[in-house]
1. Report, by residue number, each residue of the range 227-239 that is in contact (Cβ under 8 Å) with a residue 24 or more places away in the chain and closer than 21 Å to residue 315 by Cβ.
2. Hey, any hits in the range 184-204 for a residue that's surrounded by fewer than 18 Cβ atoms within 10 Å (Cβ to Cβ) and at positive phi?
3. Where in the range 197-292 are there helices (runs of 4 or more DSSP H), lying fully within it, with 3 or more residues that are more than 21 Å from the chain's Cα centre (by Cα)?
4. Which residue pairs have Cβ atoms closer than 7 Å, lie 6 or more positions apart in sequence or on different chains, and pair a first residue in the range 168-195 that is in contact (Cβ under 8 Å) with a residue 12 or more places away in the chain with a second residue that is surrounded by 13 or more Cβ atoms within 10 Å (Cβ to Cβ) and of a type in the set (S, T, N, Q)?
5. Please go through the range 314-343 and give me each residue that is open to solvent by less than 20 Å² (accessible area, probe 1.4 Å) and within 23 Å of residue 24 (Cβ to Cβ), ordered by number.
6. Modelled with pLDDT under 85, touching an Asp or Glu at 6+ places or on another chain (Cβ under 6 Å) and surrounded by fewer than 15 Cβ atoms within 10 Å (Cβ to Cβ): is that true of residue 353 in this structure?
7. Report the residue count in the range 30-63 for those that are closer than 18 Å to residue 314 by Cβ and open to solvent by less than 60 Å² (accessible area, probe 1.4 Å).
8. Are any residues in the range 215-267 at pLDDT below 80 and open to solvent by less than 60 Å² (accessible area, probe 1.4 Å), and if so, which ones?
Amino acid sequence: MNEVKLPFNARLAFTLLSVILLMYIARLGHELLVPLAFAFLIAIMLLPVASILEKCRFSRAMAALTCIILIVIILFGISMILASQMGSFVADFPHLQQQLLHTITDLQAWINMKFHIDAARQMDYLEQLAMGTLGSATTFVSTTLLSLSSLLIFIIFVLLYTFFLLLYRSLLVTFLITVFDAKHRETLLSVIVETRLIIKGYVTGLMIEMVVVAVVNCTLFWILGIKYATLLGIMAAIFNIIPYLGIYVATIISMLLTLTNSSLGTTIQVGVGLLVVHFLDSNVLLPRIVGSKVKINALVTILAVVCGNLLWGVPGMFLAIPFIAILKIIFENIDQMKPWAILLGDVTLKKVKVRRKN
């Protein structure tokens, strides 16, 4: 059967319509797709463990269940570490809000004395800025703490999906092979293998990096004598995973919470310390642990994080980079899509010198 060659306008219209439909479906089905996406990444990360257990004569179901139990133990341990400080933090939150407003009032008086700027002229702007930032932090914390049941259900579904992805992984691969024509099977298998290797290395590297950064952050906060040092250190390490934007959100929240129970000098030390740790992590730790497994340029990275936030909120920001990496792998293996792979990548094409004919 001969293929119909459509004009450029028609192909562009079909492409835009397909992108819009995919975005709409992703947004509409976020309650199903977000936990499934996390489960997909976790299943890839746990696949080597499951394979080792199966070689030790575990059945596939028992190996998958053992991996899930391992994840539950890790999550339970982290929850126990955070539980003590989280309880006192929730109890102290109204007091922290009042103390922050008191600190802002003192800051206004200091600016009036040093720079002779009337406090009344500062009041509107500073109050809006403080309450806006505090309101965002309050909304985030209250949403996290008051939705523990939803969070628990989310984690249960992620673990459930992870179990079934590990259990039926051969079935899923067979399904994909059957769907595509025989001439595309070699390319499909190449994409599957490359995706598994890159995502496994990337996610595992990020987990190792997050643990190291959390230990360094907590140690720094303990040395400075910060209240909620463990909570803030782990929170900053989690937000640090979000490229470019996460560290600034973590720094602002950490400085605001530190300002409510410590001096201005200590607050500045917290901000500078987090930025120094992030600088060392980005230039020393991240290249060594994660390496160049996901070669995506900075512009596409920022756009992906912003689009992920618009589409799925904070979970979308975490999922943006791995799924852009998967798209890049797919584009690299399809001839018609290779220009898009070049657009996503960070490899600069070498300039070709053209000799003029005499």
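The values are calculated or read from the model by the stated rules, or taken from the named source; none is laboratory data. This one's a predicted model, so the numbers in the text were calculated from it and none came from an experiment. Positions of Cβ are generated from backbone atoms using ideal geometry, with glycine treated the same way; all protein chains shown enter the neighbour counts. Just so you know, the surface numbers come from the protein's heavy atoms only, side chains and all, with ligands and any DNA or RNA stripped out. Shrake-Rupley method; radii C 1.70, N 1.55, O 1.52, S 1.80 Å.
1. 231, 234, 236, 237, 238
2. no
3. On the way: elements: 229-239, 246-259, 264-280, 286-289.
Counting at least 3 such residues, we get 246-259, 264-280.
4. Between residues of the range 168-195 that are in contact (Cβ under 8 Å) with a residue 12 or more places away in the chain and residues that are surrounded by 13 or more Cβ atoms within 10 Å (Cβ to Cβ) and of a type in the set (S, T, N, Q), the close pairs are 187/333; 190/333; 191/333.
5. Filtering the range 314-343 for residues open to solvent by less than 20 Å² (accessible area, probe 1.4 Å) gives 316, 319-322, 325, 329, 341.
Passing the criteria: 316, 319, 320, 321, 322.
6. On the way: modelled with pLDDT under 85: yes; touching an Asp or Glu at 6+ places or on another chain (Cβ under 6 Å): no; surrounded by fewer than 15 Cβ atoms within 10 Å (Cβ to Cβ): yes.
So residue 353 fails the test.
7. Qualifying residue count, the range 30-63: 8.
8. 228, 241, 242, 243, 246, 256, 257, 259, 260, 261, 262
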